[in-house]
2 protein chains.
Amino acid sequence: MAVGKSVVRVDARSKATGKAVYVADMFMPGMLIGKVLRSEFPRGKIVRLDVKKARSIHGVHAVLTADDIPGKNVCHVVFEDMPLLATGEVRYVGEPIALIAAETEAAAQLAIEAVELDIEPLGILIDPEKYNSPDSPILFGEDNIFAHHKIRRGDIENAFAQSDTIIERVYRTTYQEHAYLETQGMLAVPTAEGGIDVYGTMQCPFYVHGAVSDVTGLAQSRVRIVQTTTGGAFGGKEDVPSLVAGWASVLALAAKRPVKLILGRTEDFVSMSKRHPSRVEVKLGATKDGKLTAAGIDILFDGGAYATLSPVVLWRGTVHSCGPYRIPAVRVDARAVATNKVPCGAYRGFGSPQTLFAIESAIDELAEKIGMDPVRIREINHLRRGDETVTGQKLGESVGLQECLERAITESDYYNLREKLHGRNGPVKRGVGISTIFYGVGLGAGGTHFARSGAYVGIQPDGSVQFAVGTTEMGQGMRTVLGQIVAEAFGIPFERVYCLPVDSSRVPDSGPTVASRATTMSGRAILVACSTLKGNLAGVIAPEWGVSPKAITFGENCAFRTDNPAKRISWNDLVERAFAQKVVLTIVGYDSSPPTSWDEDSGQGDAYVIYAWAVNVAQVAVDTRTGVVRVEKLWAAHDVGKAINPTLVEGQIEGGSVQGLGYALTEEYIIDKNGIPMNPRLSFYHIPTTVDAPEIHPIIVESAYSEGPFGAKGFGEQPLMGIAPAVANAVFDAAGIRLREQPFLPERVWPKLKKGAR
Amino acid sequence: MAVGKSVVRVDARSKATGKAVYVADMFMPGMLIGKVLRSEFPRGKIVRLDVKKARSIHGVHAVLTADDIPGKNVCHVVFEDMPLLATGEVRYVGEPIALIAAETEAAAQLAIEAVELDIEPLGILIDPEKYNSPDSPILFGEDNIFAHHKIRRGDIENAFAQSDTIIERVYRTTYQEHAYLETQGMLAVPTAEGGIDVYGTMQCPFYVHGAVSDVTGLAQSRVRIVQTTTGGAFGGKEDVPSLVAGWASVLALAAKRPVKLILGRTEDFVSMSKRHPSRVEVKLGATKDGKLTAAGIDILFDGGAYATLSPVVLWRGTVHSCGPYRIPAVRVDARAVATNKVPCGAYRGFGSPQTLFAIESAIDELAEKIGMDPVRIREINHLRRGDETVTGQKLGESVGLQECLERAITESDYYNLREKLHGRNGPVKRGVGISTIFYGVGLGAGGTHFARSGAYVGIQPDGSVQFAVGTTEMGQGMRTVLGQIVAEAFGIPFERVYCLPVDSSRVPDSGPTVASRATTMSGRAILVACSTLKGNLAGVIAPEWGVSPKAITFGENCAFRTDNPAKRISWNDLVERAFAQKVVLTIVGYDSSPPTSWDEDSGQGDAYVIYAWAVNVAQVAVDTRTGVVRVEKLWAAHDVGKAINPTLVEGQIEGGSVQGLGYALTEEYIIDKNGIPMNPRLSFYHIPTTVDAPEIHPIIVESAYSEGPFGAKGFGEQPLMGIAPAVANAVFDAAGIRLREQPFLPERVWPKLKKGAR
């Protein structure tokens, strides 16, 4: 009835008309403006920090340093290494040192300038590849390594020795800035009874909930987190909002007034997390007929000044580093290291885009060396149902890669297209590239303790339904899709369902909204709740019909006897009767995933409960006179299990593809060798605009996941992930040059064209 | 651990320091001011209503009449007779006709004045005793009768015939204004996604929820009602906020802006509900040794222009009309009738104070006629465990009247006190009076369909607990008492529990907060939730201890083996383990009462599930020179089942007693014979102040109710109910005059003193 239909998303109109309420739109009587004083040094010792003058400025209600934090001075992500406010030492440009709450923006700015701060510079580590150089300072632990993950599978030495062909290549990626339209922001409101309510833009209310409790010292029961309309996140609002909420909260409690703290664009750019720059060294072996024999991969991620999410981002990158292939012998070593730069964190793909760029480029390079078509080598090696991943996980169901590949090839008319493009003359060379990728849906073994979700579902006396979940809408369409799941479960029209705002005090801790898990996990919790409620409703009519409640089906706006659908009662009538009988029609549903097996030493185990799959085919034009690479067409086939809302799936494919194009072609954030950000502005950091978008052909593949709601798997991240390698491979196909470092800016492409370099 | 302790109420500090946020304190960006244009006629035909000019005023965003209501023009209480806005005919002074939303108060006022309104006066009915006079217009149905309730028990004619003594008396009571400190007010906010959130002062969020859905035409799922700090209610915010919320909501939807509508004091006074004026005729028969034989009672309530709650208020008055006595033969006829005055409704006691004033005065008059002491006649006749009420209900448990009576007599030293007071000379005469009353707790047979309640209880990972309920705090201390129940259930300190704001979208429909039901009903729902959660927690540790989860007890901040309390785990450790194991720790608890038996024709059945009991002893001073009656001391013994928080019970006794004194002595709201309000201002309507309060001796009696949380019954209303008759009886004892019409103002007392009238 509702699932599989492209209903208009519930927030379409409000966002398009400007009615959606972002935190910046909010106002509370007595509200103050919050500001952050930040370090201008990449590393240094705080030798003086005097806020007396700042506090005396008219209109200033609070100036806080680390000493004034009522709770713990920490932002707990994976470790507890990052403070809410720097104390003793600063470690990156943009690190927060002091907080101000004032009546006006101007007063706050005056106070920032009035803080007396002396920082004595210390030695810095900027190049992650020098993390273990004797000249480099130690920033974390004993060796600057935040995390080291491994995969050990088969006899790698022997496998390489017996390979017919071996390639060894190094690939590099740089930062990617989330460039969400809405910068970070929070409004913290002390409640009359000694609690705090925090409103803001975020992905993970329960992370924020814990963080605010930590830094304020308030019991978790007294902290309430409400997500406001969130103008983009892409991972950038996973852990970072905990900091922003922490700042706003300690200010609000100190000032005893609501405090709104919204970051400016440049401030946000400089200080908020990014995608990890990476260096990935790939050694691949194959037989002469193209069968992969061995993979040796060395991964280095630039974690920045604090660990934050680096260990888990790296873990996902590690698990995906060999691509969606059967490889009998594998050795992966992955390290995330500390540098005196902004801490890197979550970004759509979460470590996978870096390693998939490497492996998917390397596969093409290997094919080229063997003299095999890039599609053919993938056909030979890609994972199928019953295969084992390189972590030793047996793939039971919902392995749609083959169908993705077939459909992408067919719909792009890959072979003919290539031939046609190669046949053209002129300074602009055209070609086609492919990538095949996979993505572990949900948190998997790297975050099994977060793999839980709750849903509140309340059938109203008039038969309409309210629900709430603990995962968030950040533009992906979750509220709409989950509403469709509720409607489908009850067999009522989508319009009768209303999604309540996300509020940490409405539902059980539902983990973070990351890892493409919202549809699956919140969907499952919703179905648990709906199932109980349907049982309660069926119990009202079952005795009259002389059947068990289980023999009653819901659909078509009715409940009916499964064995005799003519015997039915309308949904409204049944709800009315149930309500009159005081049957409970409002409950909390809850679902949690069982722990997955994982051995950290060998990197073997069931990394994720299920995988999504995708194939990208890119048609590019390379202008040999300028080095400009332009993607003209893109076919993107994605196995999503079930498209609850096909238009939203297509929207995700389109949006993610364009974001992937920015990552591939234009987005470059530069921190110079002294640790100074060079271009923290959207005018100098180029995200694609509409006119940069190619013709995109979304292809939806539905290989049902039996445990997902109506077969759905998550897939929100993967549209981005396979773009860069498909483009790099297409550029090679077009112009014969191999791009191993993104973004593929003209200044990087043109010299290669000139050299004819491979 | 928490129950039975006088913890400080959670809202004490915020209310005392002015931090509590009332709806008038709220502000939303773009917010408009709402105003109501009201009738100045008690009855008339609307012959012209033109809002064109009003709409054209600068700053005015909406001017609405009945024609502009998007949903149903109705405020559904018991019937659907009252419109949201008058259409065709107005029926009382203050009836709403049009609504305005404007940028400023001044613009709204200009718009009100610019509405072109002509009303053609129609014949009026002001005196309820003329409801069936041939000269009176018909305002409701065929006979102006909103409701007619009866009790028929035994052979009344024969019983009177065989009585040794019979008295027949008429008692009258007038309006009582709630005089809540905070007037009615609502803030309606259209949500970005087509719903509406309504914030305001109220008792019954689920009534408001239904009402807003009705008038806006929005599905109930799209309507969210949030109670703001409520500055007093006393029944005046039971049904009336539905109107106010309806006005604010239709304005907000029309203007597409938040609209705040706060009533001014005089506007609130004129147009909002009041306690029903009454005429109660009592005929009582007794044997010569004081045994009651028969009661014939005729009740007339002035319902005002619309039925609203009159049928149910009258029903409660009917059930309580014979007092807490065994009477073998009873005939009661009770009618609520229509007049062209403000609709009357709920007020602490809900129809009982009127009939209890009558019966408790009559019992004294009967005793006097027999020559028996007022205490003695009560001792002979009052209900005890195992007795039957006049509606034929057998009293099983928790009948604490005898203990109340004994303790009130003992602690006041009743007999000696009386003698001592009578012994004094001078123009000021002193005396002592008594009343014995009962009160059906909860909704009973008159509202069995509302007898449900839900609670949301969430144990946080740090072991602190959040909870929410659907009943409201209006000053009675509910949030505190329910927090104590949560703490006691889990065996943790009260400080670890936090009560969330009341929000219709947090919990199942929990019925209204009336009838002294909040502690009992929400407490029960909480205990259901806590019991499940304790089971979940016990399940975590039980296997390790080799016992069933049921063999584990919670208390002392621990869970321990019931059979071996040394085997224990701290609450925090257990919660931490459960959370790590992803056990669900957040659920909705739900409780509903079974339907009670009731026969409307005979007035026989189980009217209420349980009764609370009270005895008041009042010491008065009557100044024979002026007619001023002053209550000097008051002993108030109340059987509350269990005092969850003794200080709050005492506070309720003190507050209710003073409110009862206002009703007895000073509060008189006058609507003249033309239907025009004479004194709708607190400067002319005199509620008692602190200096008017006597010395009050609260006496707590705990006759446990096995189904109540920790034995508690509700009792919030009854402190008011027995005051007026105790005072009237004391005045008789002091000065020998019988006051049968309240309030006992000097101008009513002095002529009687002069006449020595009885």
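The values are calculated or read from the model by the stated rules, or taken from the named source; none is laboratory data. All figures in this text were calculated on a predicted structure; none of them were measured in a lab. Positions of Cβ are backbone-derived with ideal geometry, glycine not excepted, and every protein chain shown enters the neighbour counts.
Of the residues in the range A:84-91, not one is of a type outside the set (Ser, Thr, Tyr) and more than 33 Å from the chain's Cα centre (by Cα). Checking A:ARG48, A:ARG43 one by one, the residue that is touching a residue at least 24 places away in the same chain (Cβ under 8 Å), surrounded by 16 or more Cβ atoms within 10 Å (Cβ to Cβ) and in contact with a strand residue (DSSP E or B) (Cβ under 7 Å, 6 or more places away or on another chain) is A:ARG43 and no other.
Only one entry of B:SER516, B:SER522, B:SER531, B:SER510 meets the criterion of being polar (S, T, N, Q), surrounded by fewer than 24 Cβ atoms within 10 Å (Cβ to Cβ), touching a helix residue (DSSP H, G or I) at 6+ places or on another chain (Cβ under 9 Å) and more than 9 Å from chain A (Cβ to nearest Cβ), and that entry is B:SER531.
Whenever a residue of the range A:393-404 is in the same structural domain as A:LYS713 (by TED's automatic domain parsing), its partners that are of a type outside the set (A, V, I, L, M, F, W, C) and assigned to a helix (DSSP H, G or I), lying with C-beta atoms within less than 9 angstrom and at least six residues away or across chains, give the pairs A:SER398/A:GLY711; A:LEU401/A:ARG378; A:GLN402/A:GLU379.
Restricting attention to the range B:542-594, the residues that are more than 9 Å from chain A (Cβ to nearest Cβ), surrounded by 17 or more Cβ atoms within 10 Å (Cβ to Cβ), of a type outside the set (Val, Ile, Thr) and in a loop (DSSP other than H, G, I, E, B) add up to 0.
Taken over the range B:208-257, the criterion of being surrounded by fewer than 24 Cβ atoms within 10 Å (Cβ to Cβ), touching a residue at least 12 places away in the same chain (Cβ under 8 Å), outside any helix (DSSP H, G or I) and not β-branched (Val, Ile, Thr) is satisfied by B:GLY217, B:LEU218, B:GLY231, B:GLY232, B:LYS256, B:ARG257.
Based on what the data block shows, is B:ALA107 surrounded by fewer than 16 Cβ atoms within 10 Å (Cβ to Cβ), farther than 26 Å from B:PRO137 by Cβ and either in contact (Cβ under 8 Å) with a residue 40 or more places away in the chain or aliphatic (A, V, I, L, M) (or both)? In short, no. Each residue in the range A:219-229 was checked for being at the interface with chain B (Cβ under 9 Å from one of its Cβ atoms) and either touching a strand residue (DSSP E or B) at 6+ places or on another chain (Cβ under 9 Å) or on the phi > 0 side of the Ramachandran plot (or both), and 6 pass.
Taking every residue in the range A:259-271 that is over 18 Å from A:TYR22 (Cβ atoms) and pairing it with any residue that is modelled with pLDDT of 95 or more, at least 6 positions away or on another chain, the pairs with Cβ-Cβ distances below 6 Å are A:THR266/A:PRO680; A:THR266/A:ARG681; A:PHE269/A:PRO680; A:VAL270/A:GLY94; A:VAL270/A:PRO677; A:VAL270/A:PRO680; A:SER271/A:GLY94.
Flag set for B:ARG316, criterion: out of contact with any Asp or Glu (no Cβ under 7 Å at 6 or more places or on another chain), among the basic types (Lys, Arg) and part of a helix (DSSP H, G or I). Would you check which residues across the range B:563-612 are of a type in the set (Asp, Glu) and farther than 30 Å from B:PHE715 by Cβ and list them? Across the range B:563-612, the qualifying residues are B:ASP563, B:ASP573, B:GLU576, B:ASP601. Checking A:ALA2, A:ALA12, A:ALA16, A:ALA20 one by one, the residue that is within 14 Å of another protein chain (Cβ to nearest Cβ), within 30 Å of A:PRO493 (Cβ to Cβ) and in contact with a helix residue (DSSP H, G or I) (Cβ under 6 Å, 6 or more places away or on another chain) is A:ALA20 and no other. For the structure I just gave you, tell me whether A:ASP599 is touching a strand residue (DSSP E or B) at 6+ places or on another chain (Cβ under 8 Å), touching a residue at least 40 places away in the same chain (Cβ under 8 Å) and surrounded by fewer than 21 Cβ atoms within 10 Å (Cβ to Cβ). When the stated conditions are applied, A:ASP599 does not pass them.
Within the range B:374-415, being in a loop (DSSP other than H, G, I, E, B) and either in contact with a helix residue (DSSP H, G or I) (Cβ under 7 Å, 6 or more places away or on another chain) or on the phi > 0 side of the Ramachandran plot (or both) holds for B:LEU383, B:ARG384, B:GLY386, B:THR391, B:GLY392, B:SER398, B:ASP413. Those strands (runs of 3 or more DSSP E) of the range B:58-164 in which 2 or more residues are in contact with a helix residue (DSSP H, G or I) (Cβ under 7 Å, 6 or more places away or on another chain) occupy B:60-64, B:96-102, B:145-153. When every residue of the range B:247-265 is checked against the conditions, at least one turns out to be away from chain A (no Cβ under 14 Å) and among the charged types (D, E, K, R).
Would it be correct to say that A:GLY470 is within 10 Å of another protein chain (Cβ to nearest Cβ), under 25 Å from A:GLU650 (Cα atoms) and either under 19 Å from the mean Cα position of the chain (by Cα) or crowded, with 24+ Cβ neighbours inside 10 Å (or both)? For A:GLY470, the condition - within 10 Å of another protein chain (Cβ to nearest Cβ), under 25 Å from A:GLU650 (Cα atoms) and either under 19 Å from the mean Cα position of the chain (by Cα) or crowded, with 24+ Cβ neighbours inside 10 Å (or both) - is met. Applying the condition of being within 13 Å of chain B (Cβ to nearest Cβ) and crowded, with 24+ Cβ neighbours inside 10 Å to the range A:481-495 and asking which residue is nearest to B:ALA192 (Cα to Cα) yields A:GLY483. Selection of strands (runs of 3 or more DSSP E) fully inside the range A:608-711 by the criterion of at least 2 residues being acidic (Asp, Glu) and surrounded by 17 or more Cβ atoms within 10 Å (Cβ to Cβ) returns nothing. Scanning the range A:283-313 for residues that are assigned to a loop (DSSP other than H, G, I, E, B) and over 27 Å from the mean Cα position of the chain (by Cα) gives A:THR287, A:LYS288, A:ASP289, A:GLY290, A:LYS291. Against the numbered list (1) touching a Pro at 6+ places or on another chain (Cβ under 9 Å); (2) at pLDDT 95 or above; (3) more than 14 Å from chain A (Cβ to nearest Cβ), B:LEU49 comes up short only at (1).
Has the range A:163-178 got any residue that is farther than 26 Å from A:SER321 by Cα and surrounded by fewer than 20 Cβ atoms within 10 Å (Cβ to Cβ)? Within the range A:163-178, not a single residue is farther than 26 Å from A:SER321 by Cα and surrounded by fewer than 20 Cβ atoms within 10 Å (Cβ to Cβ). Annotation: of all residues in the range A:453-467 being in a strand (DSSP E or B) and either surrounded by fewer than 24 Cβ atoms within 10 Å (Cβ to Cβ) or polar (S, T, N, Q) (or both), the one that is farthest from the other protein chains (Cβ to nearest Cβ) is A:SER453.
With respect to A:VAL502, is the statement that it is buried (at least 24 other Cβ atoms within 10 Å of the Cβ), in contact with a Pro (Cβ under 8 Å, 6 or more places away or on another chain) and either away from chain B (no Cβ under 12 Å) or aliphatic (A, V, I, L, M) (or both) true? Yes, satisfied.
Reported count of residues in the range A:149-201, each being away from chain B (no Cβ under 14 Å), in contact with a Pro (Cβ under 8 Å, 6 or more places away or on another chain) and within 25 Å of A:VAL226 (Cβ to Cβ), is 5.
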